[in-house]
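Note sheet for the following structure.
The values are calculated or read from the model by the stated rules, or taken from the named source; none is laboratory data. From a predicted model like this one, the values you see are computed outputs, not experimental measurements. Counting neighbours? That spans all protein chains shown, and the Cβs are built from the backbone with ideal geometry, glycine included. What goes into the accessible areas is simple: the full protein's heavy atoms, side chains included, and nothing from ligands, DNA or RNA. Shrake-Rupley method; radii C 1.70, N 1.55, O 1.52, S 1.80 Å.
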Amino acid sequence: MTGSAPLTAAEMVQRLRGELDEHMAVERQLLTARLARAERLGDLGWAEWNLQTGESAWSDQTYAIFGRDPDEGPIHLRDLAGHVDAADRTELDRLLRTVVHGAAAGQAEFRIHRRGEVRNLRAALDLVTAGGHSAVHGVIQDITGRRRAERVVSESRRQLLEVREQAAEERHLTGALRDAIMPDFGDAADLPNARINVRYIPAGKTGGLGGDWYDTTVLPDGRVVLTIGDVAGHSLPAIAQMSRLRHALVGLAMTGESSDKLLTWLNVLVIHRLAETTATALIGHLDPATGLFTWSQAGHPAPILIRDGVAVQLDPPSGVLLGATLAVPYEPASVELLAGDLLLLFTDGLIERRSRDIDEGLALALTAAADLTGDDLETGLDRLIQAVGGPNPEDDTCVLAIGVLGRGVLG
C-alpha cells in the first residue's frame with residue numbers, strides 16, 4: 001500500500017490561500033448581488049467622482065435612474081447640471097459648492113427628464129479625501145413615486161378641505177333658510193286649549209332643514225290650521241320647493257276654506273308652477289270651541305290619536321299625491337278631540353326604513369305612542385323616535401304632537 005507524499009508547509013499555505021481566495025470571491029459575488037438587489041428595491045444607486053483624475057464610477061442602478069446607457073459612461077460632475085431641469089440647477093449648484101468647496105456633506109432634490117418623463121431625484125453627496133486624493137461620493141435615489149404619493153395626499157387633503165368648507169357653507173345656508181322658512185323650528189308652542197311640540201330631523205343629520213315642513217296658524221275665526229308635508233328629495237332644490245309650498249299654504253289658509261279645498265289649490269300650484277315636483281301633505285282645522293278636528297290628506301300618512309293610553313291611526317279620507325293628477329278630488333274627514341287626547345301628525349320618514357316593511361314601522365310607532373302623555377311631550381317625542389328606529393338616515397323625519405288641554409270637550 002502506497003500513499004501520497006505529505007504536503008510541505010509551503011504547499012499547505014498555498015492551498016489554504018487558494019481556498020481563501022475562492023471563498024472571498026464567492027462572498028464578493030454574493031455581496032455584489034445583494035447590494036444590487038438592495039439598490040433596485042430602494043431605487044437608489046451610488047456614484048463616485050475623482051476630483052484629481054476626473055474619473056467617475058457609477059453603479060448599474062445609477063445608470064438606470066438617469067436612463068443612461070452604461071456604454072456612454074458616467075456623467076462628469078461638472079456636466080451633471082446640464083442633465084437637470086433648468087428650474088432646479090441652482091439647487092444642484094448650491095449642493096456642489098457646499099461639497100466640493102466647503103468640504104461638507106449635503107443633499108438636494110432635483111428633476112430630470114428621462115425618456116419624456118419627469119423624474120424626481122435626491123442626491124446625497126460627501127467629499128472623501130484619502131492618500132492625497134479627493135473624491136465626491138454620492139447616493140442618488142429616485143423618489144418620483146414618493147413625491148407622486150405626497151401630491152395625491154396633498155390633493156386629497158385640499159379636496160377634503162373644499163368639501164368641508166362647502167359643507168359648512170351649506171350648513172350656514174341651510175340654517176339661514178331654516179330661520180327664514182320656519183322661525184319657530186322645533187319649538188313648543190301654546191295654542192288655544194292645546195299644546196304643540198315638534199321634532200324635525202333631516203335625513204342623516206341632527207340639525208338643519210330638509211324637504212319636510214309643518215306649520216300652525218291661528219285663523220281670525222279662532223280655528224287653528226295644522227299642516228305637515230313632505231317634498232320628495234333632501235337637497236337645496238327640495239328645500240326651495242318646500243318653502244314655496246309652505247308659504248303658499250300659509251297664505252291660502254287665511255281664506256278660511258276647508259282642508260280639501262286648500263289641498264285642491266295646492267295641487268294646482270304644484271302641477272302648473274313646480275315642474276317635476278311631488279309632495280305629500282296633510283291639512284287640518286282644529287276648532288277650540290267644539291274640539292272638532294277636520295282634515296284632508298294628499299298621499300300622506302294619517303294621524304295617530306292617543307286616548308286613555310290607547311293609540312290608533314285614523315282612517316284616511318281619499319287624496320292623492322300633490323303633483324300627480326287633477327282628476328281625483330280630495331275629501332275631508334273629522335274626529336272630535338277630548339281633553340287629554342294627543343294627536344300625532346308625522347311624515348313617512350318616522351316609520352319607513354329600507355330594511356323593514358312599513359307596517360312594522362307603523363306598529364312600532366303605535367306601541368311607542370301609547371306611552372305618550374301630554375305632560376311629557378318634550379322628552380316623549382325623543383323616546384318615540386328612538387323606539388321606532390332613531391333618526392332616519394335616508395329620509396327626513398317630522399313629528400307634530402298636539403296635546404289637548406282642559407277638562408271634557410274643548411271649550
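Table for the structure above
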| read-out | value |
| --- | --- |
| Accessible carbon and sulfur surface of region 233-276 relative to its total accessible area, %, 1.4 Å | 58 |
| Spatial separation of Cα centroids for region 39-94 and region 129-167, in angstrom | 19 |
| For region 111-160, the fraction of alpha-carbon pairs in successive 5 Å shells from zero, as % | 5, 16, 15, 15, 13, 12, 9, 6, 4, 2, 2, 0 |
| Calculated log₁₀ intensity ratio I(q)/I(0) where the Debye formula runs over C-alpha points of region 256-326, q = 0.20 Å⁻¹ | -0.84 |
| Average projected area [Cα convex hull, region 298-357], square nanometres | 5.5 |
| All-pairs Cα distance distribution in region 333-388, expressed in whole percent, bin size 10 Å | 21, 49, 27, 3 |
| Local net charge near LEU314, Cβ-Cβ under 15 Å (Lys/Arg +1, Asp/Glu -1) | -3 |
| Where N is the number of residues in region 256-390, Cα Rg divided by 2.2 N^0.38 Å | 1.13 |
